[in-house]
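Have a look at the structure below, then the notes.
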Amino acid sequence: MITDVIRKEIQKTFKAVFDWQPTDISITNPEPQFGDFSVSCHQYAQELKLSPQAIAQKLADAVASDGSMRAHAVAGHLNISVDAGVLAKDVLSDVINQDRHYGESTTNTQKILLEYSSPNTNKPLHLGHVRNNVLGMSLAQLLASQGAQVIKTQIINDRGIHIIKSMLAYQKWGHGHTPEEAGEKGDHFVGKFYVMFEREFEREWQVFLKDNPEVPGLSKEDAAKRRQEFFGESEIGAQAQEMLRKWESSDKDVMALWKQMNEWVYSGFYETYQELGSTFDKDYFESNTYLLGKKIIDEGIKKGVFYEEGGALWADLTDVGLDKKLVQRSDGTSVYVTQDFGLAVARQKEFGFDGMVYVVGHEQEYHFKVLFAILKKLGYAWASQLHHLSYGLVFLPEGKMKSREGKVVDADTIIAEVTSLAAEEVKKRFPELTDVEILERAETIGTGALKFFLLRVTPTQSIHFNPKEAIAFEGSTGPYVQYAHARITSILSEETPLEIGNIHFDRLNTPEEKTLVLKLLQYVDVISGAAEHYNPSAVCNYLIELSHNFNTFYHEHSVLKAESEELKHSRLLLISAVRIVLRNGLSLLNIKAPEKM
RNA sequence: GCGCCUGUAGUUCAAUGGAUAGAACGAGGGACUUCUAAUCCCUUAAUGCAGGUUCGAUUCCUGCCGGGCGUACCA
């Protein structure tokens with residue numbers, strides 16, 4: 001790659017001029033007026049006891065000998081311009097020859113287990129899950145692009161009181177109906193009963209409050225505690241607890257109901273996953289894994305990581321800046337974090353991974369700190385290779401989503417909305433298309449818009465969901481990138497470029513063409529950086545810029561009606577390369593690159 | 001209270017410590033007999049406040065102010 005050539009050249013020049021060289025040189029692409037590549041010399045001023053400008057000047061004088069490369073020193077920056085034809089030949093040949101593999105690397109040799117999605121089986125997926133899914137899928141692609149072997153998993157939270165709530169409500173008010181009879185997706189059908197349960201509990205709570213007027217006066221914390229205590233006192237809460245006990249003792253009828261309702265939910269999830277393009281190599285079920293932690297408990301006691309106090313077991317994490325953490329209740333049951341380290345160890349046995357990445361919302365940051373700290377204390381070598389990709393919540397205009405109160409943007413609803421809006425747009429432009437064709441394009445464009453909307457924000461940032469922006473197809477959106485891809489495809493369907501050997505790269509000498517070539521070159525660093533930082537948004541931003549550079553070029557210059565055959569074929573090759581990178585980039589985001597739109 | 005995250009144009013987002021802080025939406029004005037106007041071009045406008053480190057700070061440090069999330073023998 002040409003940047004490597006330049007980097008080596010500058011290293012060599014440093015050695016020759018100063019008899020010293022930096023260990024690594026960072027090369028940036030400056031404003032076009034300054035050149036194509038730039039190295040800031042300010043950082044070397046102290047080492048070399050010279051002004052940045054003097055260093056840049058000395059380097060420029062020594063580098064400037066080659067005809068295809070010119071160097072200038074400006075304000076302490078060593079700016080380098082490369083002959084447009086030489087640059088284009090180097091970059092475009094790389095892209096065309098490597099095609100689908102352009103941008104890939106083999107530097108990451110790890111086997112990485114990735115956990116994402118991880119839904120509860122008491123309600124349908126919402127917008128927060130969609131963000132989780134698109135992040136997980138994209139991260140899987142990004143890590144794989146850098147050579148990693150990725151195993152995609154989800155842990156399905158299929159047990160516990162929240163599931164029981166749906167089951168109990170169904171038993172009370174479901175009249176034995178099925179989702180088919182109700183004409184509903186299974187997950188929505190089950191979710192409805194969860195909401196019914198919560199509504200009934202809330203009703204009982206309000207009655208309780210009337211008889212206990214002092215409760216609303218309590219502090220927020222105490223009031224919450226009281227409400228939780230009331231769960232066992234309430235009629236419906238007590239019934240749920242009773243049902244949970246039956247589940248734990250494998251009561252035949254309860255188990256049958258549990259299995260039936262989970263099946264309904266899974267079939268619903270499966271449909272949503274299909275629309276999102278989410279896939280998993282291995283599903284874990286909490287009902288199978290929640291006891292795994294117990295096996296680690298003895299080990300932890302022997303190693304002195306856990307100690308007994310008040311009949312319960314604790315881990316003292318104060319030495320690593322965390323608190324004391326309960327790992328087993330005094331009644332012998334395990335807590336959330338215990339289940340998670342049991343699962344981690346089991347996964348290690350099964351896959352022998354080098355590292356693991358958990359894609360989970362940032363409200364669980366403390367949980368993962370504790371989990372990782374305990375695994376380290378237990379002495380697992382791989383514990384240092386665990387990462388929590390902590391992403392921000394999705395907020396609605398009216399605040400945080402609360403599924404308990406039905407204040408959610410449902411995943412299926414939003415997917416259907418963006419698809420139907422996209423269908424209108426397609427119909428407007430191509431009224432002659434069949435409904436099937438319209439739907440196919442609309443799904444590509446609609447889900448492309450939604451995924452891009454959720455991926456373009458840095459994961460750690462919260463997303464403030466504005467429906468108008470989420471379903472927009474103009475501006476910095478997925479369809480903007482898809483449109484550039486479709487436009488190029490349209491041109492290339494008229495004519496294909498000659499073989500690389502017959503291309504006159506020196507014809508590509510306008511600023512718009514050079515900008516595109518430099519942009520294509522950046523792709524390699526962009527995706528390795530995105531993978532390194534677990535940050536798909538860097539890919540989104542890049543694709544917007546590349547698409548914009550292409551659109552500007554497109555308006556400024558004609559490809560098919562170029563002034564000469566040689567220029568035309570050079571441009572055909574250029575846009576072929578742009579198309580490859582757009583497609584590769586979109587595929588890292590798990591977004592389809594349409595041929596027509 | 002303590003811990004973590006966060007504060008950039010009217011709004012939603014960018015910017016490995018480097019040159020003049022970039023986009024998009026919105027608002028206003030232009031460009032289709034020309035490869036797809038889901039596009040392009042022009043105008044408009046911002047680093048919460050106060051210090052510090054540095055040749056250089058949106059970025060690092062301290063304090064203050066504002067927002068979010070944690071801090072359960074919940075998951």
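Pick out the one residue from A:Glu350, A:Glu363 that is out of contact with any helix residue (DSSP H, G or I) (no Cβ under 9 Å at 6 or more places or on another chain) and within 13 Å of RNA strand B (Cβ to nearest atom). So that I can check it myself, show each step before the final result.
Numbers: A:Glu350 fails: within 13 Å of RNA strand B (Cβ to nearest atom).
After ruling out the rest, the residue left standing is A:Glu363.
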Inset, instruction - With the checklist (1) in the same structural domain as A:Ala238 (by TED's automatic domain parsing); (2) in contact (Cβ under 8 Å) with a residue 40 or more places away in the chain in hand, flag the one item A:Gly176 doesn't pass. - result: (2)
Legend entry - In the stretch A:323-337, residue surrounded by the most Cβ atoms within 10 Å (Cβ to Cβ) [restricted to those that are in a strand (DSSP E or B) and more than 7 Å from RNA strand B (Cβ to nearest atom)]: A:Val327
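Output the residue which, of all residues in the stretch A:43-72 that are hydroxyl-bearing (Ser, Thr, Tyr) and within 13 Å of RNA strand B (Cβ to nearest atom), is surrounded by the most Cβ atoms within 10 Å (Cβ to Cβ). Outline the logic, then answer.
Step one: of the stretch A:43-72, the residues hydroxyl-bearing (Ser, Thr, Tyr) are A:44, A:51, A:65, A:68.
If we keep only those that are within 13 Å of RNA strand B (Cβ to nearest atom) too, we end up with A:44, A:51.
Details: A:Tyr44: 22, A:Ser51: 13.
Result: A:Tyr44.
Please go through the stretch A:251-297 and pick out each residue that is assigned to a loop (DSSP other than H, G, I, E, B) and not aliphatic (A, V, I, L, M).
The initial filter retains those residues of the stretch A:251-297 that are assigned to a loop (DSSP other than H, G, I, E, B), namely A:251, A:277-281, A:290-292.
Those that are assigned to a loop (DSSP other than H, G, I, E, B) and not aliphatic (A, V, I, L, M): A:Asp251, A:Gly277, A:Ser278, A:Thr279, A:Phe280, A:Asp281, A:Tyr290.
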Inset, instruction - Determine whether the stretch A:478-498 contains at least one residue that is closer than 29 Å to A:Val357 by Cβ, in contact with a Pro (Cβ under 6 Å, 6 or more places away or on another chain) and modelled with pLDDT of 95 or more. - result: yes
Legend entry - Hey, A:Leu326 in contact (Cβ under 8 Å) with a residue 60 or more places away in the chain and under 14 Å from A:Lys294 (Cα atoms) or not: no
Legend entry - Flag for A:Tyr534 being under 30 Å from A:Leu113 (Cβ atoms) and in a helix (DSSP H, G or I): no
Inset, instruction - Considering each residue of the stretch A:199-217, count those that are farther than 20 Å from A:Leu168 by Cβ and either assigned to a helix (DSSP H, G or I) or within 15 Å of RNA strand B (Cβ to nearest atom) (or both), and give that number. - result: 6
Legend entry - Tally of residues being in contact (Cβ under 8 Å) with a residue 12 or more places away in the chain and either under 19 Å from A:Gln522 (Cα atoms) or touching a Leu at 6+ places or on another chain (Cβ under 7 Å) (or both) across the stretch A:21-58: 17
Inset, instruction - Take the stretch A:89-104 and flag every residue that is over 17 Å from A:Leu508 (Cβ atoms) and surrounded by 14 or more Cβ atoms within 10 Å (Cβ to Cβ). - result: A:Gln98, A:Tyr102, A:Gly103, A:Glu104
Legend entry - Breaking point among (1) over 30 Å from A:Leu588 (Cβ atoms); (2) in contact (Cβ under 8 Å) with a residue 40 or more places away in the chain; (3) not basic (Lys, Arg), for A:Met1: (1)
Legend entry - From A:Glu432, A:Glu443, A:Glu424, residue being more than 8 Å from RNA strand B (Cβ to nearest atom), of a type in the set (D, E, K, R), farther than 17 Å from A:Pro536 by Cβ and modelled with pLDDT of 95 or more: A:Glu443
Inset, instruction - Answer yes or no: is there a residue in the stretch A:470-493 that is assigned by TED's automatic domain parsing to the domain that holds A:Ile575, among the polar types (S, T, N, Q) and in contact with a Gly (Cβ under 6 Å, 6 or more places away or on another chain). - result: yes
Inset, instruction - Could you tell me which residue of the stretch A:487-502 is farthest from the chain's Cα centre (by Cα), considering only residues that are more than 18 Å from A:Phe553 (Cα to Cα) and in a helix (DSSP H, G or I)? - result: A:Asn502
Inset, instruction - Restrict the check to the stretch A:558-568 and report whether at least one residue is under 23 Å from A:Asn29 (Cα atoms) and either within 26 Å of the chain's Cα centre (by Cα) or not in a loop (DSSP other than H, G, I, E, B) (or both). - result: no
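Looking at this structure, is A:Ser528 surrounded by 18 or more Cβ atoms within 10 Å (Cβ to Cβ) and either out of contact with any helix residue (DSSP H, G or I) (no Cβ under 8 Å at 6 or more places or on another chain) or of a type in the set (Asp, Glu) (or both)?
Numbers: surrounded by 18 or more Cβ atoms within 10 Å (Cβ to Cβ): yes; either out of contact with any helix residue (DSSP H, G or I) (no Cβ under 8 Å at 6 or more places or on another chain) or of a type in the set (Asp, Glu) (or both): yes.
It is true that A:Ser528 is surrounded by 18 or more Cβ atoms within 10 Å (Cβ to Cβ) and either out of contact with any helix residue (DSSP H, G or I) (no Cβ under 8 Å at 6 or more places or on another chain) or of a type in the set (Asp, Glu) (or both).
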Inset, instruction - Having 3 or more residues that are closer than 22 Å to A:Ala577 by Cα is the bar; report the helices (runs of 4 or more DSSP H) wholly within the stretch A:4-109 that clear it. - result: A:84-98
Legend entry - Cβ pairs under 6 Å, 6+ apart, first in the stretch A:480-493 and closer than 15 Å to A:Val581 by Cβ and near RNA strand B (Cβ under 9 Å from one of its atoms), second hydroxyl-bearing (Ser, Thr, Tyr) and outside any helix (DSSP H, G or I): none
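Residue by residue, here is whether (1) surrounded by fewer than 19 Cβ atoms within 10 Å (Cβ to Cβ); (2) in a loop (DSSP other than H, G, I, E, B) holds:
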| residue | (1), (2) |
| --- | --- |
| A:Glu432 | yes, yes |
| A:Glu443 | yes, no |
| A:Ala449 | no, no |
| A:Phe453 | no, no |
| A:Val457 | yes, yes |
| A:Thr460 | yes, yes |
| A:Glu469 | yes, no |
| A:Glu474 | yes, yes |
Legend entry - Qualifying residues in the stretch A:558-578 (those that are near RNA strand B (Cβ under 9 Å from one of its atoms) and of a type in the set (D, E, K, R)) - the one nearest to A:Glu512 (Cα to Cα): A:Arg571
Legend entry - Of the criteria (1) out of contact with any Leu (no Cβ under 8 Å at 6 or more places or on another chain); (2) surrounded by 16 or more Cβ atoms within 10 Å (Cβ to Cβ), which one A:Pro397 fails: (2)
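The values are calculated or read from the model by the stated rules, or taken from the named source; none is laboratory data. Given the structure is predicted, the values throughout are model-derived calculations rather than measurements. Heads up, the Cβs are rebuilt from the backbone with ideal geometry, glycines too, and the neighbour counts pull from every protein chain shown.
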